[in-house]
Each structure stands twice: as C-alpha cells, then as structure tokens.
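The values are calculated or read from the model by the stated rules, or taken from the named source; none is laboratory data. Note that this is a predicted model, so its numbers are computed, not measured. Don't worry about glycine lacking a Cβ; one is built from the backbone with ideal geometry, like all the others, and counts go over all protein chains shown.
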C-alpha cells in the first residue's frame, strides 16, 4: 500500500451531476475531472483541462468523496490515465465500496486499472484529428460491461468506425458500442439514418447534459 497522503493528483473539478453520456445517461454521479490530456481533438469540450488544476493528495480526495452522498464515481478528463496516481485512486474507491467508472481516450494502457472498474474507452476517428493513436492492446481488458465509444464527425468517420468495429471484432468483447455525434459538427438525425441503414447494432447516444445546461457549462 502506498503512502496515500503523499501522492498528488491534479484535479480540474469535482462536482455532482446527471451523467450525460453513455449507457449510464440520466443517473446521478459524482464526477472527478482530472487535469491534463495527451490529445487535441477538434471537438474538445473541456479546453480548460490543460490548466494545472488543484493539488489533491489521495487522502484529501477520498475524504471529499466520502463527504458526499455515496454516488457512483466517474473519473474523467482530459485523459485521467496520464496521471500515474489514477489507478491507486480507483483501487481506493473500489475498496471503499464505490462503483467506479473511468473514461479514457484509448491511448493509454487500461491494464493498470482494477478489474472491477467500469471502463469507457474511446476509439478516436480520423475526423477528430487525433486518430491513429488507439492502443489496440486495451481490447484485451474489455469486459462485457465496458463501453467502446466512437465520436462521429462525418459520413467518412461513420464508415471508418463501422470498418474498425469489424476489423477489431469489438462486438465479441462488449455489446456496448456507442456512436456519438460530435456536438455542433454532425446532426444527430444524420447519424441516426446512417446507423439504421447499416444494420449494425451500435447505439446512438447524445450528450444530454449539453441539452440540459448548455454546451459551455462547467461543473455539470
């Protein structure tokens, strides 16, 4: 066990909200948004993630989580796995009885995470301008409860994603394959029609928090 009070995480914000993305959409959760990212996607909706953030020891962060109503904890970024202390945070939360989710851009090794964590793994499309960096070895750690997400910016992105699903046999790993239209770039109705025509059992999901509070709100 590491000396948790000596290990520091850079935290952008901590807040309670309604989950706005993925299969857990609509559920209240406690969000820990960690600072820093190793990508620069054109549709990034958290540009302030590159600011240094607040210093939290693991002990302080766990105390803050415990002070809240015992909600599921969603760890996101930026890219949470660029901080080496993140797996220890996940372990401590799971050991304390929390259901934990980690949202990652797919470029970092998810094998460092506790096997009980729920993983949301992006595969970045060419239209994101961060494509080609997915770590395919991450697929070795995908459980049926985990999610694989493609953010779609265009018809080319859609076709590329359909091919990638077949190439990587993703439906053999999890039924939770999500196509999400890039906010302000692709109309949801267009993506819906492409999915219907494809006959692929992918799931179209929107970012409902942006519909509730607006696209630029933070802390929600």
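Observations
- Members of the range 176-209 found to be over 16 Å from the mean Cα position of the chain (by Cα) and part of a helix (DSSP H, G or I), listed by number: 188, 189, 190, 191, 192, 193, 194, 195, 196, 197, 198
- Residue list for the range 52-77, restricted to those being part of a strand (DSSP E or B) and more than 19 Å from the chain's Cα centre (by Cα): 54, 55, 56, 57
- Failed item in (1) crowded, with 21+ Cβ neighbours inside 10 Å; (2) over 13 Å from the mean Cα position of the chain (by Cα); (3) within 19 Å of residue 15 (Cα to Cα), with residue 130 passing the rest: (3)
- Of all residues in the range 40-77, exactly one satisfies the criterion of being in contact with a strand residue (DSSP E or B) (Cβ under 8 Å, 6 or more places away or on another chain), within 22 Å of residue 215 (Cα to Cα), at pLDDT 90 or above and surrounded by fewer than 19 Cβ atoms within 10 Å (Cβ to Cβ), namely 43.
- Restricting attention to the range 78-87 and to residues that are part of a loop (DSSP other than H, G, I, E, B) and out of contact with any helix residue (DSSP H, G or I) (no Cβ under 7 Å at 6 or more places or on another chain), the residue that is surrounded by the fewest Cβ atoms within 10 Å (Cβ to Cβ) turns out to be 84.
- Residue in the range 3-18 that is over 21 Å from the mean Cα position of the chain (by Cα), farther than 25 Å from residue 134 by Cβ and part of a strand (DSSP E or B) present: yes
- Residues within the range 24-39 that are in a loop (DSSP other than H, G, I, E, B) and surrounded by fewer than 17 Cβ atoms within 10 Å (Cβ to Cβ), tallied: 4
- Picking from residues in the range 191-220 that are out of contact with any strand residue (DSSP E or B) (no Cβ under 7 Å at 6 or more places or on another chain), touching a residue at least 12 places away in the same chain (Cβ under 8 Å) and farther than 25 Å from residue 31 by Cβ, the one that is surrounded by the fewest Cβ atoms within 10 Å (Cβ to Cβ) is 201.
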